[in-house]
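*Asks:* Have a look at the structure that comes next, please.
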Amino acid sequence: MRKQLTLVTVITEGLLREQVIELLKRHGASGFTLTKVDGGEGSRGVRARDWEGPNLRFESIMAPAAAEAVLDEVGERFFENYAVVAWLSPVSVARGEKFVP
Amino acid sequence: MRKQLTLVTVITEGLLREQVIELLKRHGASGFTLTKVDGGEGSRGVRARDWEGPNLRFESIMAPAAAEAVLDEVGERFFENYAVVAWLSPVSVARGEKFVP
Amino acid sequence: MRKQLTLVTVITEGLLREQVIELLKRHGASGFTLTKVDGGEGSRGVRARDWEGPNLRFESIMAPAAAEAVLDEVGERFFENYAVVAWLSPVSVARGEKFVP
């Protein structure tokens, strides 16, 4: 049975890795996918922290309200001082019950 | 001319590679994009099959009904025994006719 | 505050890299994310230009009208002669003002 949920995507500097994982789990994410980003440019200009390793993309399928809470917390905690982009997308999943605590 | 279609995303253990390609093509996919996944955690816990190579992300733009059939078959065939996540997203494409058989 | 914007995804042969970056910026993109693609098949068959390096995925969050203009120009300039796929997805972002010039 298909269920309407929300895909959370967070692209962030590598040094935020553990903080983003903790944040996702605390908001109820049952899992996440991690992909290295190979480049890009952002409104903050060229990254100063290349020694921290590549930027990372986190993706997690969550209940809509939890996804919105993740987006809000990412904005409040990281946008001021880090190169972070985050967005929510509507998705339809099979076996949606496994994504919602 | 823009057309409303569906993006199918399937993230799966590497050992399902050929089966997922066959499945996509049988449902009419005119193409797909393949990206390696660098990590993550899922509701099934840590993957036991690391010797099979990295997890893979398949993406294909399809007609909505075909995309739903892919999602259903992925769920029925793989969710019980493999670490697989799959979702559908609404997308708008240019030259949509090339994606629909 | 969340804002409804559009995620533009362009998957293209590596040789179009500079042209796609110029196109995105000219339409007002404040940034983009670049990821290497590891494989795939398209309606144009196997790529002939492997010496150009891997295919690339560009992603940028833009105002809806700008995103549609990018999609149209990508179609007009590249679809005839290159292996290119492009689509638009509706997204919700935090701090949307930084994506809109």
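The values are calculated or read from the model by the stated rules, or taken from the named source; none is laboratory data. What you see is a predicted model; the values in this text were computed from it and never measured. Heads up, the Cβs are rebuilt from the backbone with ideal geometry, glycines too, and the neighbour counts pull from every protein chain shown.
*Asks:* Return the total of residues in region C:51-62 being within 14 Å of chain A (Cβ to nearest Cβ) and more than 14 Å from C:Leu16 (Cβ to Cβ). Break it down stepwise before answering.
*Replies:* Of all residues in region C:51-62, those within 14 Å of chain A (Cβ to nearest Cβ) come to C:53-62.
Adding the requirement that they be more than 14 Å from C:Leu16 (Cβ to Cβ) leaves C:59-62.
Number of matching residues: 4.
*Asks:* Still on this model: Take region C:66-81 and flag every residue that is hydrophobic (A, V, I, L, M, F, W, C) and either in contact with a Ser or Thr (Cβ under 9 Å, 6 or more places away or on another chain) or within 14 Å of chain A (Cβ to nearest Cβ) (or both).
*Replies:* Narrowing region C:66-81 to residues hydrophobic (A, V, I, L, M, F, W, C): C:66-67, C:69-71, C:74, C:78-79.
Selection gives C:Ala66, C:Ala67, C:Val70, C:Leu71, C:Val74, C:Phe78.
*Asks:* Of the residues B:Pro90, B:Pro64, only one is at pLDDT 90 or above, crowded, with 17+ Cβ neighbours inside 10 Å and over 12 Å from the mean Cα position of the chain (by Cα); which? Before you say what the answer is, go through the steps one by one.
*Replies:* Working: B:Pro64 fails: crowded, with 17+ Cβ neighbours inside 10 Å.
Unique residue meeting the criteria: B:Pro90.
*Asks:* Okay, next question. Going residue by residue through region C:82-100, is there one that turns out to be in a loop (DSSP other than H, G, I, E, B) and either within 14 Å of chain A (Cβ to nearest Cβ) or under 19 Å from A:Gly42 (Cα atoms) (or both)?
*Replies:* yes
*Asks:* Just for region C:22-50: of the residues that are surrounded by fewer than 18 Cβ atoms within 10 Å (Cβ to Cβ) and at pLDDT 95 or above, which one is nearest to the other protein chains (Cβ to nearest Cβ)?
*Replies:* Among residues in region C:22-50 that are surrounded by fewer than 18 Cβ atoms within 10 Å (Cβ to Cβ) and at pLDDT 95 or above, the one nearest to the other protein chains (Cβ to nearest Cβ) is C:Lys25.
*Asks:* Can you pull out every residue in region C:9-44 that is closer than 20 Å to C:Ala65 by Cα and among the basic types (Lys, Arg)?
*Replies:* Within region C:9-44, C:Lys25, C:Arg26 qualify.
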